[in-house]
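Participant: Just dropping this structure here.
The values are calculated or read from the model by the stated rules, or taken from the named source; none is laboratory data. Since we're looking at a predicted model, the values are computed, not measured. Neighbour counts are summed over all protein chains in view; Cβ atoms, including those assigned to glycine, are modelled from backbone coordinates with ideal geometry. Note: areas computed on protein heavy atoms with side chains; ligands, DNA, RNA excluded. Shrake-Rupley method; radii C 1.70, N 1.55, O 1.52, S 1.80 Å.
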Amino acid sequence: MPSMLLINYLIEQLRNSANYNRSVQVAPAAILWTDIDKQWQTAMPFIKQHLPELIELGDYKPEERIGPAIWVKCAIAGKLDDCNLPEDRTPIIYLPGVGRKELRAIESCPEFLKPLAELQYRGCWWAYNTAGRDWTVSSFLTNPKVGIELDLAKDKNTQQAILNVLPDLLETPDSNLRGKKLESEDFISLVLDDPTKDILGWLNDPCEKRSQWQDSRWDIFVQSCQSQFSFTPDEKSIPTALKLLCAAEGQWEAVWQRFEDTAVNLPLLVEKLKAIESDDLAIVNPENYLSENMKDEAAIESYFFNVGEKARDTVSQELAALWEKQKNRKNWIWYNLGHSGWLQILEYVIGAIEHTEIVYSGATPEMMANHYQERFWQADSCVIKAMSLANDIHQQEVVTKLLGTVYSPWLEQTTLRFQQLVEQHGYPGNKIKVKESTANYSVGGQVVFFVDGLRFDTAKILEDKLKDRGLTTELNSKWAAIPSLTATAKAAVTPIANMLTGIEENDDFIPSVSLSKSSFSSHHLKQLLNEKGWQYLDGLETGDPKGFAWVQTGDLDHMGHEQQRKMPLFIDQILDDVVARVVSLFDAGWMNIKIVTDHGWLWVPDGLPKGNLHKSLGKNRQRRCAILKDNVQHDGMVMPWYWNPAVSVALAPGISAFVRGDHYNHGGLSIQECLTPELLLKKT
């Protein structure tokens, strides 16, 4: 197992305590970290460097992210100019000298704490166990669930030594501490016997380390720097030391190697390295210089920004040459530190180009679908991943423009080819009767988990995430009901599909309950499932694992319609929620889970082009489809409605939409919308 710094274990545990199910819960307002004995307080300056979302209760010192209760509440609400917490992280409130019981007993809660008491209902605790004990430093270091599980002596001297060296201890790799019983001398040696770590710590924050290392400790450090590393640690020597670090020669080679292992915990040092350039014209080790990496990043950005109206073939050739020149940077430390964003985007754009060189086809729609499942889903996947890395509006503009050049024409041509094959051979999904949709729901102890809008390439990502959690997976495919809208296609994959029908006068794509002729709704879904002996599991319910159950989430499709062009940025987060729900169901005793969906979707980087359907011809005009009015002739593509063939549905040609303005939508006829995944899961 690779070595990890203790601070990283702490960061992981703190942030994970805020995990929640986005389908049924709101995000916690804050993580409450009580520490009645103030054991962690000496390390707070160091911990705050790595947790920018952490603030501390105490006297007003905004420059140190410390303040009284009212100030803390204003800070987590984002109302302060002197304390800006990151918006994408749950705030962590460190409460030194405060126990959990004090906050819970609101009536007797001390006055200085009362403004924070209500956060126990809107927030969450970082607590040692279900009893809610504070995490002491010792319990954290020895607990097997955290993952460190060190063997500590329990005498007072050892326990005190741990607290005395806590900031240094958190900077220590776990591999240095495993395999022996740790006593006070082992922790004291951490302070005195690791000059490479001390140099990096000082370069990261010279003022903080100078104030922390008093008297003899500082003298020892200075002597070590002078005798072993050829510099005297003071403000003027910082640029010299940074250049020596990047050159990595002699004794500095070991310092660089330690930097590579711990750089993620040295953000201030990494920032300083942006200004360091080699004095040599021919740089021996350019991979050590962040400034060189930044120049290469700027070259990719410049190309993306200036691609203009170049032809696809020209763009493909130029990007291939750029990738060949820069791909080795994947092995540089800066890539893993998140300083090679343009290189990551370029890699996925190259993947998209490789998979869109061929406008794939087949003799039948089924053969075309086979080719898609074997290879061409990767074109869609690369495009989505490239866009997911475009974090700011500047990147989003240039990335979507480039993807529009290399991907959109291919998507249009392959979709038109698929539509031609369907016109010639029929739609494969129409060959399956409605009643057969429930035939596979026959395994005892099974959850059917409906994920709205789970496209095939997205299901591949979900499958990998589930495998990482130790689950056995089998990915199959089936055809969506036509049109590929939730109203029509979701009902077709429910266990009660054979209890539904379609009325001829339909104008909303919604089937009806056969017995009552009422429009099918969520109310009917729950009612009919119950009549059939199925459980409908809402929220975090886990039900009886011996029966059958239906679980559903609509977050993916909802996010697509809401975010449109930015939709790829949210896919990973939504799939993580699905994984968490799956794991909770298996933990509750379910043996089999089948993930099903209703439809896929199109994501067109430069927008779905406008298709034509005269208003007089159609009713309920969706983006990609419309119900044709009675006795109307339409020269475009027309298919029967899944629930009643007497209802005719006009489908938009290619990747167009009858209404302008979307980047994301569905309801039409394409492989991406109609070939849907089905995932069978078992716990190993």
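Participant: When you check Lys610 against the structure, is it within 32 Å of the chain's Cα centre (by Cα), surrounded by fewer than 21 Cβ atoms within 10 Å (Cβ to Cβ) and either at negative phi or modelled with pLDDT under 80 (or both), yes or no?
Facilitator: Considered against the rule, which asks whether it is within 32 Å of the chain's Cα centre (by Cα), surrounded by fewer than 21 Cβ atoms within 10 Å (Cβ to Cβ) and either at negative phi or modelled with pLDDT under 80 (or both), Lys610 comes out as no.
Participant: So, one more: Starting from the range 640-658, take each residue that is in contact (Cβ under 8 Å) with a residue 60 or more places away in the chain and farther than 30 Å from Gly404 by Cα and list its partners that are surrounded by fewer than 21 Cβ atoms within 10 Å (Cβ to Cβ) and of a type in the set (A, V, I, L, M), counting only C-beta distances under 6 angstrom and pairs at least six apart or across chains.
Facilitator: The qualifying pairs are Trp641/Val647.
Participant: From Lys272, Lys310, Lys295, which residue is more than 22 Å from Ile393 (Cα to Cα), in a helix (DSSP H, G or I), out of contact with any Cys (no Cβ under 6 Å at 6 or more places or on another chain) and among the basic types (Lys, Arg)?
Facilitator: Lys272
Participant: Then there's this: Does Glu149 fit the bill of being of a type in the set (Asp, Glu) and open to solvent by 70 Å² or more (accessible area, probe 1.4 Å)?
Facilitator: Taking the combined requirement at face value, the residue satisfies it.
Participant: Only one of these is more than 30 Å from Thr405 (Cα to Cα) and among the small types (Gly, Ala, Ser): Ala320, Ala298, Ala311, Ala275. Name it.
Facilitator: None of the other options fit; the residue is Ala275.
Participant: Now for a separate question. Please state which of the following conditions Phe586 fails to meet, knowing it meets all the rest: (1) surrounded by 15 or more Cβ atoms within 10 Å (Cβ to Cβ); (2) in contact with a Phe, Trp or Tyr (Cβ under 9 Å, 6 or more places away or on another chain).
Facilitator: Among (1) surrounded by 15 or more Cβ atoms within 10 Å (Cβ to Cβ); (2) in contact with a Phe, Trp or Tyr (Cβ under 9 Å, 6 or more places away or on another chain), the lone unmet condition for Phe586 is (2).
Participant: Moving on. Counting only residues that are polar (S, T, N, Q) and within 24 Å of Gln413 (Cα to Cα), how many does the range 327-369 have?
Facilitator: Final tally of qualifying residues: 3.
Participant: Within the range 613-643, take every residue that is in contact with an Asp or Glu (Cβ under 6 Å, 6 or more places away or on another chain) and either modelled with pLDDT of 75 or more or part of a loop (DSSP other than H, G, I, E, B) (or both) and give me the one that is surrounded by the fewest Cβ atoms within 10 Å (Cβ to Cβ).
Facilitator: Restricting to residues being in contact with an Asp or Glu (Cβ under 6 Å, 6 or more places away or on another chain) and either modelled with pLDDT of 75 or more or part of a loop (DSSP other than H, G, I, E, B) (or both), the top hit is Asn620.
Participant: Just to be sure, is Asn21 among the polar types (S, T, N, Q), part of a loop (DSSP other than H, G, I, E, B) and in contact (Cβ under 8 Å) with a residue 12 or more places away in the chain?
Facilitator: yes
Participant: Could you run through the range 542-562 and say how many residues are open to solvent by 50 Å² or more (accessible area, probe 1.4 Å) and either part of a helix (DSSP H, G or I) or closer than 19 Å to Asp452 by Cβ (or both)?
Facilitator: Qualifying residue count, the range 542-562: 4.
Participant: Residue pairs, Cβ under 7 Å, 6 or more apart or interchain, first in the range 483-504 and crowded, with 24+ Cβ neighbours inside 10 Å, second among the polar types (S, T, N, Q) and in a strand (DSSP E or B). List them.
Facilitator: none
Participant: Does Gln39 qualify as being in a loop (DSSP other than H, G, I, E, B) and open to solvent by 60 Å² or more (accessible area, probe 1.4 Å)?
Facilitator: In short, no.
Participant: Quick check, is Ser516 of a type in the set (Gly, Ala, Ser), out of contact with any Asp or Glu (no Cβ under 7 Å at 6 or more places or on another chain), within 22 Å of Tyr642 (Cβ to Cβ) and open to solvent by less than 60 Å² (accessible area, probe 1.4 Å)?
Facilitator: Spelling it out, it is not the case that Ser516 is of a type in the set (Gly, Ala, Ser), out of contact with any Asp or Glu (no Cβ under 7 Å at 6 or more places or on another chain), within 22 Å of Tyr642 (Cβ to Cβ) and open to solvent by less than 60 Å² (accessible area, probe 1.4 Å).
Participant: Additional query: For the range 277-289, state whether one or more residues are touching a residue at least 40 places away in the same chain (Cβ under 8 Å), more than 22 Å from Ser237 (Cα to Cα) and out of contact with any Ser or Thr (no Cβ under 8 Å at 6 or more places or on another chain).
Facilitator: Within the range 277-289 (the criterion being touching a residue at least 40 places away in the same chain (Cβ under 8 Å), more than 22 Å from Ser237 (Cα to Cα) and out of contact with any Ser or Thr (no Cβ under 8 Å at 6 or more places or on another chain)), the answer is yes, since at least one residue qualifies.
Participant: State all residues of the range 129-139 that are outside any helix (DSSP H, G or I), modelled with pLDDT of 85 or more and open to solvent by less than 20 Å² (accessible area, probe 1.4 Å); if no residue qualifies, say none.
Facilitator: Trp135
Participant: Hey, another quick one. Can you list residue pairs whose Cβ atoms sit under 8 Å apart, with the first residue in the range 447-469 being closer than 15 Å to Arg581 by Cα and part of a helix (DSSP H, G or I) and the second being open to solvent by 40 Å² or more (accessible area, probe 1.4 Å) and among the basic types (Lys, Arg)? Count only pairs 6 or more apart in sequence or on different chains.
Facilitator: none
Participant: For the range 646-666, which residues satisfy the criterion of being touching a Lys or Arg at 6+ places or on another chain (Cβ under 8 Å) and in a strand (DSSP E or B)?
Facilitator: Leu651, Ala657, Tyr664, Asn665
Participant: Now a separate question. Can you name the residue in the range 210-263 that is under 22 Å from Pro173 (Cβ atoms) and of a type in the set (Lys, Arg) and, of all such residues, is surrounded by the most Cβ atoms within 10 Å (Cβ to Cβ)?
Facilitator: Among them, the one singled out is Arg258.
Participant: Between residues in the range 106-135 that are over 15 Å from Thr34 (Cβ atoms) and residues that are among the β-branched types (Val, Ile, Thr) and at pLDDT 85 or above, which pairs lie under 6 Å by C-beta distance while being six or more apart or on different chains?
Facilitator: Listed by first residue and then by second, the contacts come to Pro115/Ile70.
Participant: Here is a follow-up. Among the residues of the range 45-84 satisfying the criterion of being surrounded by 15 or more Cβ atoms within 10 Å (Cβ to Cβ) and among the β-branched types (Val, Ile, Thr), which is farthest from Ser211 (Cα to Cα)?
Facilitator: The extreme case among them is Ile76.
Participant: So, one more: Based on this model, can you work out whether Ser518 counts as polar (S, T, N, Q), over 19 Å from Val448 (Cα atoms) and in contact with a Phe, Trp or Tyr (Cβ under 9 Å, 6 or more places away or on another chain)?
Facilitator: Judged against the criteria, Ser518 is not a match.
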